[in-house]
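The values are calculated or read from the model by the stated rules, or taken from the named source; none is laboratory data. In this text the structure is predicted, and so the values were computed from the model without any measurement. Cβ sites come from the backbone with ideal geometry, for glycine too, and all protein chains shown count toward neighbours. Just so you know, the surface numbers come from the protein's heavy atoms only, side chains and all, with ligands and any DNA or RNA stripped out. Shrake-Rupley method; radii C 1.70, N 1.55, O 1.52, S 1.80 Å.
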Amino acid sequence: MTLATELDAPTRWNARFATLGEAFGTPLAPQALPAPYWVGQNLPLARQLGLSDAWMASDEALAIFSGNRVPDGSAPLASVYSGHQFGVWAGQLGDGRALLLGEWATPLGPQEVQLKGAGLTPYSRMGDGRAVLRSSIREFLCSEAMHALGVPTTRALCVSGSDAPVRRETMETAAVVTRVAPSFIRFGHFEHFSHHDQHAELRRLADFVIEHFYPECAQAPGNPYAALLQAVSERTAVLLSHWQAVGFCHGVMNTDNMSILGLTIDYGPFQFLDAYVPGHICNHSDSAGRYAFSRQPNIAYWNLFCLGQALLPLMDEQQQALDALESYKTVYPEQLLVRLGAKLGLARTEDGDRALCEDLLRLLAQDKVDHTIFWRRLSHAVAGGDFEPVRDLFLDRAALNGWLAPYRDRISGQAAEPTGARMLQTNPKFVLRNHLGELAIRAAQSKDFSGVTSLLHLLSHPFDEHPGFEAQADFPPDWATQIEISCSS
Ligand code: AMP
Ligand code: MG
């Protein structure tokens, strides 16, 4: 295989989504990004996908991933979906700036490859079809950070940039992020066909998702679409347990930003919590706080309700959908306890552990303790026996001592060293704090991409110590609170 042909392999491209039919999208070529250059590459992911470092360094790779050349065998397509935005039916949306190149046969299994920011599509509405450098870097870094933390997510292969101007609040420049996932189908795809009473298409879409991603639902007793709703509810519950445990605030949990596979998708105004403030709102455009951190689990349930509503035409009675949704209410708390128990180093969780977790979260909120630093210090404390650095994080040290006593009692039956070691592999040292992303973005805007590369490396190994990078694991600087992240991207 020569360098120029790694993605030009018609036999490795598949277009399963496109086989759904014309109602599902519009075939269309990407709009070329003028004079592109590399901003960042995720070579470990490229290797996992079967792409060599040499090919990733080629002009061909840059041309393809900046939308300047369509690889042989790929049939790019923008898909149509609808959705509820901020709790209100928003009507037709769709891939307004994302293009599906197709599905690529990889050692990880079939993966869809999408270019985000590849120009106007029939679904661009008032937008320009572009993504700016700032938000492309954020998506690139955060999807890999999440993956390394074990959180289900779409992946990001690379970012290419251009000096082409793009107007947002100020003039910025364009970029394209290449993202990869088994499927980019959203709740909103189902809502679209249901809303328009296109029941044949709705059924085709549901059958497609069941066949390729939830084959067990075809065999389930009762209605297969209710089984699908239940399976999606459970995966979404697992996803939300990860978000809440790691302190991730998505920022725009509209139903068009909810993956049918339970993946984190569409990184916009997201934020990892600095201080543990349950009511934290990371999206500057979300004045009512609909998507505040602590509301995310309920919002996910609300979104699943919309999915259930959309699937109703495929069910015999409403009760089937209601029963399927019930599973969220048991799986989410169970999974959250599993995640928090793991963060506490518990080999297995017991009845009383829920209260232990709740008491701790109350203390963290009361003193607005830094979330990531708390868990990391607790891990070191359990591993080494010195709890002073943990106490130093609290104003109310007596209250913390009141919690530490039963906690230490609880883990005393376990060997301290393996417990601490396990905790250090569960509680990251590095997360993508807003200010870290901001520093890498500012440098990249002056064509220094080294910050993007080094941050990608840290975030891809978030449990390692990385000597020399203490500043990236430290408390946020004062100016971090002034960073305003909105839907504008
Ligand atoms: P988001 O809030 O980023 O999930 O986007 C909501 C909808 O707006 C989706 O249908 C996007 O494709 C579309 N959209 C967002 N930004 C743009 C843009 N710059 N150009 C075209 N469409 C966009
Ligand atoms: Mg979106």
(request) Taking residue 437 as the residue in question, decide whether it is small (Gly, Ala, Ser), under 21 Å from the mean Cα position of the chain (by Cα) and not assigned by TED's automatic domain parsing to the domain that holds residue 175. (result) yes
(request) Under 6 Å between Cβ atoms, at least 6 apart or on separate chains: pull out the pairs that start in segment 98-125 with a residue that is not assigned by TED's automatic domain parsing to the domain that holds residue 49 and end on any residue that is in a loop (DSSP other than H, G, I, E, B) and more than 16 Å from ligand 2 (Cβ to nearest atom). (result) none
(request) Would you please name the residue that is farthest from residue 484 (Cα to Cα), looking only at residues in segment 168-203 that are in contact (Cβ under 8 Å) with a residue 40 or more places away in the chain and among the hydroxyl-bearing types (Ser, Thr, Tyr)? (result) 194
(message) Could you tell me how many of the residues in segment 188-207 are in contact with a strand residue (DSSP E or B) (Cβ under 9 Å, 6 or more places away or on another chain), open to solvent by 50 Å² or more (accessible area, probe 1.4 Å) and assigned to a helix (DSSP H, G or I)?
(response) 1
(message) So for segment 245-255 (the condition being hydrophobic (A, V, I, L, M, F, W, C), open to solvent by 10 Å² or more (accessible area, probe 1.4 Å), outside any strand (DSSP E or B) and away from ligand 2 (no atom under 13 Å from the Cβ)), does at least one residue qualify?
(response) yes
(message) Go through (1) among the hydrophobic types (A, V, I, L, M, F, W, C); (2) in contact with a Lys or Arg (Cβ under 6 Å, 6 or more places away or on another chain); (3) without any contact (Cβ under 8 Å) to a residue 24 or more places away in the chain for residue 275 and report which single condition fails.
(response) (3)
(message) Quick test of your reading of the structure: residue 266 fulfils all but one of (1) part of a loop (DSSP other than H, G, I, E, B); (2) under 18 Å from residue 81 (Cα atoms); (3) away from ligand 1 (no atom under 16 Å from the Cβ). Name the failing condition by number.
(response) (3)
(request) Just name the residue that is surrounded by the most Cβ atoms within 10 Å (Cβ to Cβ) out of those in segment 38-82 that are in contact with a Lys or Arg (Cβ under 8 Å, 6 or more places away or on another chain), more than 30 Å from residue 307 (Cβ to Cβ) and not charged (D, E, K, R). (result) 42
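Residues are listed down the side, and each one gets a yes or a no for (1) farther than 21 Å from residue 277 by Cβ; (2) open to solvent by 10 Å² or more (accessible area, probe 1.4 Å):
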| position | (1), (2) |
| --- | --- |
| 331 | yes, yes |
| 334 | yes, yes |
| 341 | yes, no |
| 354 | yes, yes |
| 360 | no, no |
(request) State whether the residues of segment 229-237 include one that is in contact with a strand residue (DSSP E or B) (Cβ under 8 Å, 6 or more places away or on another chain) and surrounded by fewer than 22 Cβ atoms within 10 Å (Cβ to Cβ). (result) no
(request) Hey, can you tell me all the residues within segment 131-182 that are open to solvent by 10 Å² or more (accessible area, probe 1.4 Å) and closer than 27 Å to residue 24 by Cβ? (result) 135, 152, 153, 155, 182
(message) Please verify whether residue 119 is more than 16 Å from ligand 2 (Cβ to nearest atom) and touching a Phe, Trp or Tyr at 6+ places or on another chain (Cβ under 9 Å), treating the condition exactly as stated.
(response) no
(message) Being free of Cβ contacts under 8 Å to residues at least 40 places away in the same chain, away from ligand 2 (no atom under 15 Å from the Cβ) and not charged (D, E, K, R) is the requirement here; does residue 165 meet it?
(response) yes
(message) The conditions are (1) within 16 Å of ligand 1 (Cβ to nearest atom); (2) open to solvent by 10 Å² or more (accessible area, probe 1.4 Å); (3) closer than 16 Å to residue 241 by Cα, and residue 290 fails exactly one of them. Which is it?
(response) (3)
(message) Yes or no: segment 296-316 includes at least one residue that is part of a loop (DSSP other than H, G, I, E, B) and open to solvent by 10 Å² or more (accessible area, probe 1.4 Å).
(response) yes
(request) Take residue 485 and decide whether it is crowded, with 18+ Cβ neighbours inside 10 Å, modelled with pLDDT of 95 or more and either within 16 Å of ligand 1 (Cβ to nearest atom) or within 26 Å of residue 116 (Cβ to Cβ) (or both). (result) no
(message) Testing residue 185 on (1) more than 16 Å from ligand 2 (Cβ to nearest atom); (2) within 25 Å of residue 9 (Cβ to Cβ); (3) open to solvent by less than 10 Å² (accessible area, probe 1.4 Å), one condition comes back false. Which one is that?
(response) (1)
(message) With at negative phi, in contact with a Ser or Thr (Cβ under 8 Å, 6 or more places away or on another chain) and free of Cβ contacts under 8 Å to residues at least 24 places away in the same chain as the only criterion, which of 304, 337 stands out?
(response) 337
(request) Inspect all residues belonging to segment 364-377 and state whether any of them is assigned to a helix (DSSP H, G or I) and farther than 27 Å from residue 479 by Cβ. (result) no
(request) Select from segment 269-281 the residues that are away from ligand 2 (no atom under 16 Å from the Cβ), of a type outside the set (Ser, Thr, Tyr) and either in a loop (DSSP other than H, G, I, E, B) or within 28 Å of residue 228 (Cα to Cα) (or both) and list them in ascending order. (result) 273, 274, 277, 278, 279, 280, 281
(message) So in segment 98-130, with the set limited to residues that are crowded, with 23+ Cβ neighbours inside 10 Å and of a type in the set (Lys, Arg), which one is nearest to residue 34 (Cα to Cα)?
(response) 130
